[in-house]
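One structure below.
The values are calculated or read from the model by the stated rules, or taken from the named source; none is laboratory data. Keep in mind that what you see is a predicted model, and the values were worked out from it rather than measured. Note that we place each Cβ from the backbone using ideal geometry, even for glycine, and neighbour counts take in every protein chain shown. We work out accessible area using only protein heavy atoms, side chains counted, and drop any ligands, DNA or RNA first. Shrake-Rupley method; radii C 1.70, N 1.55, O 1.52, S 1.80 Å.
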Amino acid sequence: GQLPTWLQGILLRNGPGIHTIGDSKYNHWFDGLALLHSFTFKNGEVYYRSKYLRSDTYNCNIEANRIVVSEFGTMAYPDPCKNIFAKAFSYLSHTIPEFTDNCLINIMKAGDDFYATSETNFIRKINPQTLETLEKVDYNKYVAVNVTTSHPHYDSDGNVLNMGTSIVDKGKTKYVLFKIPSSVPEQEKKKSCFKHLEVVCSIPSRSLLHPSYYHSFGITENYIIFVEQPFRLDIVKMATAYIRGVSWASCLAYNKDDKTWFHLIDKKTKKEVSTKFYTDAMVFFHHINAYEEDGHIIFDIIAYRDNSLYDMFYLKNLGKDFEENTKFTAIPTCRRYVVPLQHDKDAEVGSNLVTIPSTATAVKEKDGNIYCQPEILCEGIELPRINYDYNGKKYKYVYATKVQWSPVPTKIAKFNVQTKEMLHWEDDDCWPSEPLFVPNPDAKEEDDGVVLTCIVRSDPKEVPFLLILDAKTFTELGRASVDVDMHLDLHGMFILEKDVKTETE
């Protein structure tokens, strides 16, 4: 096929790449050592490269020829001959464990630099052209957080907004929203932008010892949306996990009888909206987008009825019978919540406060809390991406992987959230990854651009490839085949040619 002449830059992707080291194996797919890969577009040609992230975790494991650093689903024991007293001592001094720097989930831009990220307090700077691993950054040196999300937001000035959880710090557990500036003052050019990191605000956790797990958050022009779901980490269990010989993943628990709370933070005042909004118990990972309309905040997420998704990716379930072992018990549903911020304070109890056209409801209760029920936009999509120029604004299109009975996607979808129309791309033996939208620099419309996705083949005789789709029509523009073992990756970003510093700079 043909590539558009304007498509110049690097598609950078990240995900788990190796699951066996020596005789030891990880338990979970999300534990694998990070493998970066990139497709560079230059004058109508595509260049491929891949490289393992040379994290401290990678280096220690490779040197020992076994897994010596624990990951979320795999507990490792560095020294098998340590006696129980040494174990007890290390447990007492490590309520919050020393986490891995195996940054395998996403790529983040901060200042002029790019970082591989996961959900711990460590990120690793990388060179987006050579995929070389550079310095390690510990968020904890700049802000008191133990875990962070891998889905930050970027404002129009390029500042990064992200969230992390501060666990039992000074007797409190809280969710911290922080900002990393895109540039530092001229006289401090040698300093990193992390030195100027600022805490925007913090939200107290509803429970000191059971903070909520979250993978992303939402943002509109004036508000930040944090959803506190009843899928929680048990801190006491986590502190004793090492001694008990269980993984940290086993310290997560979902309470289906509990509520899910919506926290809305006003960006200007940095204060939380005082009205309490909530919905039924759910588990979700990905926000799609959010915006404001006529005194309401509208946000779209992909949610599940239970927490079975994580369990499906245990490697024992991904063997030859995985089609039998990994059937969804809860299909992902694309839900739209409509939160009436400026509602009539004297409205009757039991009345629906949503005044814009939507089947979503927000009902006032006796205690003044507002119970929200979503509009279901569609089912069976995951790993959603949008045209990021429309982030926080009213939008039409979401690009996502389409899943049917199992979490392994077989199609790419373009979904119109306004008309509910859906377009698909699929081909035999093809497993696509998260689709990424790249806008045409002269775009006049939201879907004027291309969608890029890496396709892994389920037939070992077939070669994997990068697929380039016209985002408007969803027709194939071309594919770049790469004769290597390509891994199923998780997330990534497209870096425009102008944002890549060349080596000489």
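Observations on the structure shown:
- When residues of region 119-135 are limited to those that are of a type outside the set (A, V, I, L, M) and over 20 Å from the mean Cα position of the chain (by Cα), the one farthest from Leu35 (Cα to Cα): Glu135
- Only one entry of Thr504, Thr453, Thr475 meets the criterion of being loosely packed, with under 12 Cβ neighbours inside 10 Å and either at pLDDT 95 or above or under 22 Å from the mean Cα position of the chain (by Cα) (or both), and that entry is Thr475.
- Among the candidates Val227, Val176, the residue that is closer than 21 Å to Tyr291 by Cα, at pLDDT 95 or above and either crowded, with 17+ Cβ neighbours inside 10 Å or small (Gly, Ala, Ser) (or both) is uniquely Val227.
- In region 230-252, the residues that are part of a helix (DSSP H, G or I), open to solvent by 30 Å² or more (accessible area, probe 1.4 Å) and either free of Cβ contacts under 8 Å to residues at least 60 places away in the same chain or touching a Pro at 6+ places or on another chain (Cβ under 6 Å) (or both): Val236, Lys237, Arg244, Ser250
- Residue in region 320-336 that is out of contact with any His (no Cβ under 9 Å at 6 or more places or on another chain), open to solvent by less than 60 Å² (accessible area, probe 1.4 Å) and in a helix (DSSP H, G or I) present: yes
- Hits in region 253-276 - residues which are surrounded by 18 or more Cβ atoms within 10 Å (Cβ to Cβ) and among the hydrophobic types (A, V, I, L, M, F, W, C): Trp261, Phe262, Leu264, Ile265
- Answer from Ser166, Ser150, Ser183 - the residue that is crowded, with 19+ Cβ neighbours inside 10 Å and farther than 23 Å from His491 by Cα: Ser166
- Taking first residues from region 59-86 that are modelled with pLDDT of 90 or more and partners that are open to solvent by 80 Å² or more (accessible area, probe 1.4 Å), the Cβ contacts under 8 Å between residues at least 6 apart in sequence or on separate chains come to Arg66/Asp23; Ile67/Lys25.
- If you go through region 9-26 and pick out every residue that is part of a strand (DSSP E or B) and either within 23 Å of the chain's Cα centre (by Cα) or surrounded by 22 or more Cβ atoms within 10 Å (Cβ to Cβ) (or both), you end up with 10.
- Subset of region 180-226 (residues that are in contact with a strand residue (DSSP E or B) (Cβ under 6 Å, 6 or more places away or on another chain), among the aliphatic types (A, V, I, L, M) and in a loop (DSSP other than H, G, I, E, B)): Leu197, Leu208
- Residue that is of a type in the set (Phe, Trp, Tyr), under 17 Å from the mean Cα position of the chain (by Cα) and open to solvent by 10 Å² or more (accessible area, probe 1.4 Å), where the choices are Trp29, Trp6: Trp29
- Any hit, region 296-308, residues being over 21 Å from Gln373 (Cα atoms) and surrounded by 16 or more Cβ atoms within 10 Å (Cβ to Cβ): yes
- Residue among Asn255, Asn222 that alone is on the phi < 0 side of the Ramachandran plot, of a type in the set (S, T, N, Q) and in contact (Cβ under 8 Å) with a residue 40 or more places away in the chain: Asn222
- Number of the exception - Ala480 against (1) under 22 Å from the mean Cα position of the chain (by Cα); (2) crowded, with 16+ Cβ neighbours inside 10 Å: (1)
- For beta carbons closer than 7 Å, sequence separation of 6+ or different chains, a first residue in region 369-398 that is closer than 14 Å to Ile219 by Cα and a second that is open to solvent by 70 Å² or more (accessible area, probe 1.4 Å) and part of a loop (DSSP other than H, G, I, E, B), the qualifying pairs are Gly392/Glu221.
- Close pairs from region 424-439: first at positive phi, partner in a strand (DSSP E or B) and at pLDDT below 95, Cβ under 7 Å, at least 6 apart: Asp429/Arg457
- For Arg66, the criteria (1) open to solvent by 70 Å² or more (accessible area, probe 1.4 Å); (2) within 21 Å of Leu488 (Cα to Cα); (3) in contact with an Asp or Glu (Cβ under 8 Å, 6 or more places away or on another chain) hold in every case but one, which is (2).
- The residues of region 403-430 that are within 21 Å of Phe284 (Cβ to Cβ), out of contact with any Asp or Glu (no Cβ under 6 Å at 6 or more places or on another chain) and either at pLDDT below 95 or surrounded by fewer than 20 Cβ atoms within 10 Å (Cβ to Cβ) (or both), listed by number, are Gln404, Trp405, Ser406, Pro407, Val408, Pro409, Lys420, Met422.
- Those strands (runs of 3 or more DSSP E) of region 378-483 in which 3 or more residues are within 16 Å of Leu7 (Cβ to Cβ) occupy 436-439, 449-457, 465-470, 476-481.
- Restricting region 186-204 to residues that are open to solvent by 20 Å² or more (accessible area, probe 1.4 Å) and β-branched (Val, Ile, Thr), the residue that is farthest from His263 (Cα to Cα) is Val199.
- Hey, Ala116 outside any loop (DSSP other than H, G, I, E, B) and modelled with pLDDT of 90 or more or not: yes
- Among the residues making up region 456-472, those that are over 30 Å from Lys393 (Cβ atoms), open to solvent by 40 Å² or more (accessible area, probe 1.4 Å) and at pLDDT 90 or above are Arg457, Lys461, Glu462, Val463.
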